[in-house]
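Scroll down for the structure; my scribbles are underneath it.
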Amino acid sequence: MSLAAPANHHAATGKPGSRQEIQLACFRVGGEMYALDIMKIREIIKPQKMTPVPKAPVFIEGVINLRGAVIPVVDLRRRFSQAVENQKKTRVIICSLSGKIIGLMVDEVTEVRTFTRREIQPAPQYMKGRDADFFIGVCRVRGDLMMILDIERILSSEEKIDIEQIRQAKSLS
């Protein structure tokens, strides 16, 4: 499933890069709904044969070979301390993260929705700690709140270094 960029993503001022509307891919992790800007997503695939990585953080599911590229996969269920259940609807969202490609394993991708900037609120300020940094905002979908992920903060800088080492080690083997 490939996601296309929005046709008109310039703000009313006409300035490039300042989108008035944003398209979000909505997905489920455990019992919670999350969203991610589709501009960060390359594609969404079904889970593939995963190669485990010794000594990787617990939330690294392993690496996959996608058209010749070795891609580390982060299991968001483990990252967010949710129960891990493999289901028919489980998907891997292939994303760009600081110029690198990474997969995010989720329980289900539900839809792509368009939101205006006014419909998106900042993440609640009462959320504290490192895990609160995962979210850049919140929006309402059918009466429920959905957290919007900051893909750049899913991994700390130390974990980003480890991911790159994992990718290089598996490419050599």
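The values are calculated or read from the model by the stated rules, or taken from the named source; none is laboratory data. If you're wondering where the values come from, they're calculated on a predicted model, not measured in any experiment. No Cβ is skipped: glycine too gets one built from the backbone with ideal geometry, and neighbour counts run over all protein chains shown.
Quick notes on this structure:
- Selection status of residue 67, out of contact with any Leu (no Cβ under 7 Å at 6 or more places or on another chain) and within 29 Å of residue 20 (Cα to Cα): no
- Contact map, the stretch 76-90: first residue within 17 Å of residue 35 (Cα to Cα) and surrounded by 13 or more Cβ atoms within 10 Å (Cβ to Cβ), second residue among the hydroxyl-bearing types (Ser, Thr, Tyr) and modelled with pLDDT of 80 or more, Cβ cut-off under 8 Å, separation 6 or more or different chains; pairs are 76/34.
- Considering the stretch 12-61, the qualifying strands (runs of 3 or more DSSP E), each wholly inside and each with 3 or more residues that are modelled with pLDDT of 90 or more and within 18 Å of residue 141 (Cβ to Cβ), run over 21-29, 32-37.
- Contacts under 8 angstrom Cβ, first residue in the stretch 27-44 being at positive phi and touching a residue at least 24 places away in the same chain (Cβ under 8 Å), partner among the acidic types (Asp, Glu) and surrounded by 17 or more Cβ atoms within 10 Å (Cβ to Cβ), 6 or more apart: 30/107
- Scanning the stretch 140-157 for residues being closer than 27 Å to residue 88 by Cβ, buried (at least 16 other Cβ atoms within 10 Å of the Cβ) and at pLDDT 75 or above gives a total of 6.
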